[in-house]
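Remarks on the structure that follows.
The values are calculated or read from the model by the stated rules, or taken from the named source; none is laboratory data. Not measured: the values here are computed from a predicted model. Here the Cβ positions follow ideal geometry from the backbone for every residue, glycine too, while neighbour counts run over all protein chains shown.
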Amino acid sequence: MKFLAITLITHLPDPVTGVQRSTTDAYRAVVDNAVLAEELGFDGYGVGERHERPFISSSPPVVLSHIAARTERIRLFTTVTILSLLDPVRAYEDYATLDHLSGGRLELIIGKGNGTAQRDLFAVTPEDQWARNAEGYELFRRLWREERVTWSGRFRPALVEAEVWPRPLQQPVRVWHGSATSRESVDLAARYGDPLFSANVTHAIEPYAALVDHYRERWVAHGHDPADAVVGAGTAGYLAAPTSQEAVSRYRPVFEAGLAGLTRAGLTPSFTTLEDHVERSSALVGSPAQIVEKVHRYHARLGHTVLHVHADGAGLTPAEHRTNLELFQSDIAPVLRRTIPDPPWPGTPTPTPDRRPAPVPVG
């Protein structure tokens with residue numbers, strides 16, 4: 001099994017101290033956490049994309065480029081790239097550039113995104129967001145693989161023998177499809193033979209497992225080998241301690257702050273008590289042995305071989321946050337690596353030649 005640490009760069013007061021970092025300090029913490037994740041042995045680090053409160057993660061390529069300069073080994077993920085909002089040509093340019101700057105460590109998780117405010121910001125409607133996501137991915141995929149592209153669609157101007165630079169380092173970059181509650185992303189992943197990443201955060205396991213089952217069914221229907229399907233899954237939170245009582249006690253203010261935020265937003269929480277949240281959600285809160293058991297229980301239903309945990313350490317001091325992640329790597333990850341198989345995992349890519357014609361001398 002492989003492990004990602006991820007952040008959505010949520011910009012809120014700390015649930016214990018009530019102190020809110022400045023925007024600058026929040027970004028610095030994201031980069032420092034990526035460096036820590038690499039140091040401790042995580043396989044990937046993910047940065048989300050959101051264009052509305054309370055997130056400040058509107059520019060993942062910029063953040064990941066800085067992380068690329070501070071790290072050497074860890075894979076760099078987008079969690080997720082919202083293609084329904086983006087021009088796929090511009091997205092390709094940003095991420096192909098990042099792929100070079102990172103030495104070919106980029107992986108994309110794409111999705112249609114959610115949230116009314118960000119849809120309004122980009123003039124995307126609920127009726128067309130799925131079509132925009134599918135069309136954007138079709139073009140993005142071709143741009144990554146073809147040196148000249150002729151294409152037409154509904155949501156951007158047509159291309160005729162278009163060349164888009166730079167050509168990427170990885171041929172091709174691996175693209176996952178993020179899935180939360182709808183079948184559209186699942187169908188798209190199965191159609192193209194791409195891996196699936198289940199959000200697995202807000203609800204109990206049943207709706208996510210149903211989507212993963214649908215993915216595997218559609219995967220076979222599209223003629224792919226069932227053994228080649230790769231699934232990742234998220235978690236609703238992480239805090240480990242020597243005993244479950246200590247873990248639950250330390251996690252309580254984090255849960256209560258999240259519950260209060262949902263109430264302020266007028267949303268109905270899936271879990272109204274911490275005890276129910278720990279028992280029935282995907283949150284990994286407890287002793288190392290309890291967390292290992294829970295991941296195995298979820299793996300039996302989802303068959304996932306990649307797992308993400310939250311990288312931010314909300315409610316913890318920097319020292320406590322480090323200890324929490326160290327405990328994951330010392331007592332949890334080794335057991336899961338032994339008992340759950342690894343997915344295919346890219347190594348160092350072979351650079352592709354830049355076939356752009358040499359400039360003609362002037363004068």
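Given the condition part of a loop (DSSP other than H, G, I, E, B), under 30 Å from Gly266 (Cα atoms) and free of Cβ contacts under 8 Å to residues at least 12 places away in the same chain, answer yes or no: does some residue in segment 116-123 qualify? For segment 116-123, residues part of a loop (DSSP other than H, G, I, E, B), under 30 Å from Gly266 (Cα atoms) and free of Cβ contacts under 8 Å to residues at least 12 places away in the same chain: present. Only one entry of Val292, Val306 meets the criterion of being touching a strand residue (DSSP E or B) at 6+ places or on another chain (Cβ under 8 Å) and either at pLDDT below 95 or surrounded by 14 or more Cβ atoms within 10 Å (Cβ to Cβ) (or both), and that entry is Val306. Of the helices (runs of 4 or more DSSP H) lying entirely inside segment 256-341, the ones with 3 or more residues being on the phi < 0 side of the Ramachandran plot and among the aliphatic types (A, V, I, L, M) are found at 288-302, 318-327, 333-339. I'd like the residue in segment 61-78 that is in contact with a Ser or Thr (Cβ under 8 Å, 6 or more places away or on another chain) and not aliphatic (A, V, I, L, M) and, out of all such residues, is farthest from Val124 (Cα to Cα). Among those that are in contact with a Ser or Thr (Cβ under 8 Å, 6 or more places away or on another chain) and not aliphatic (A, V, I, L, M), it is Ser65. Looking across segment 42-78, the residues that are touching a Phe, Trp or Tyr at 6+ places or on another chain (Cβ under 8 Å), assigned to a loop (DSSP other than H, G, I, E, B) and not hydroxyl-bearing (Ser, Thr, Tyr) come down to Phe42, Asp43, Gly48, His51, Ile56, Ile74.
Annotation for segment 136-149: at least one member residue is surrounded by fewer than 21 Cβ atoms within 10 Å (Cβ to Cβ), among the hydrophobic types (A, V, I, L, M, F, W, C) and assigned to a strand (DSSP E or B). Scan segment 31-79 for residues that are aliphatic (A, V, I, L, M) and touching a residue at least 60 places away in the same chain (Cβ under 8 Å) and the total you get is 4.
Exactly one residue among Glu107, Glu127, Glu146 is in contact (Cβ under 8 Å) with a residue 40 or more places away in the chain and on the phi < 0 side of the Ramachandran plot, and that residue is Glu107.
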